[in-house]
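The values are calculated or read from the model by the stated rules, or taken from the named source; none is laboratory data. Since the structure is predicted, the reported quantities are computational estimates derived from the model, not experimental observations. Note that we place each Cβ from the backbone using ideal geometry, even for glycine, and neighbour counts take in every protein chain shown.
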Amino acid sequence: YSESNTIFNYIFVVDNYLYTTGCYTYPSYQPSFSIYNIANPIHPILLDQFVFYNDSPLDLWVENEKAYICREGNSILVFDVSNPESMFVIDSLPVPGKKICIENTYAYILSNTVIYIFDLTTGTTISSIHPGTAVQSFSISDSRAYIAGQDTRIYDISNPYNPILISYINDWSYSIAAVKNFLFFTRSTTEYPSLSLEIYDITDPSVPEPMGTIRYTYGEIIADENYVYTAEPSFLIIKYE
């Protein structure tokens, strides 16, 4: 399914609902946050839409019937989406960010070279992660933070008040995902001038072990229990075991 008059830059799916940002809709061409019913994926139904007139929405995360929307150089808007046909703004997080992940009651928010850890129950920033280099992306899984940038880093965040660096891989990475005992990230090397997909065994996260490289794959990646999905210039699905 596709719409010729829309551009979806970021998406998030929960049950039968698709949440999108960066959707420029004819005739206004304004950036927006939209919710679709995808119970029938062949015919998604637009349920509600919030238009941004003064800034641009970036990444989003949906958790416990709330949607968190990053905005360029601005605070993070929080929407009540308990009724997908009538969402509304209920709060904002006083941390500018371009990417957000949530685990338990903590939001991890990327702002340039720093990842802030925000306690959603108290509404305060409790700590931060400073990799020391530019951060391209990051993911959160099983109380660990995986950070892509000028090198690839793994942090223990089981105590969000005191993140601890476990290990790092001396490779420039762009997009990153971790599932089970596997770490996936895209990178560029002298040997492979195009970005490649790197696969590591992180059974022991203090000693990541390289498992393989898939050449000529690049773009954003996501992973689930069985597959890695990557895009640009073509969509690729990789099964792993």
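Look at the stretch 65-77 and say how many of its residues are at pLDDT 90 or above and within 17 Å of the chain's Cα centre (by Cα).
Count: 7.
What are the residues in the stretch 16-58 that are among the acidic types (Asp, Glu) and modelled with pLDDT of 90 or more, if any?
Residue satisfying the conditions is Asp48 alone.
Assuming Tyr192 fulfils every condition listed in (1) of a type in the set (Phe, Trp, Tyr); (2) modelled with pLDDT of 95 or more; (3) more than 24 Å from Lys99 (Cα to Cα) apart from one, which condition is it?
(2)
Could you count how many residues in the stretch 203-238 are modelled with pLDDT under 80 and part of a loop (DSSP other than H, G, I, E, B)?
14
Look through the stretch 138-154, keep the residues that are hydroxyl-bearing (Ser, Thr, Tyr) and surrounded by fewer than 22 Cβ atoms within 10 Å (Cβ to Cβ), and return whichever of them is modelled with the lowest pLDDT.
It comes out as Ser141.
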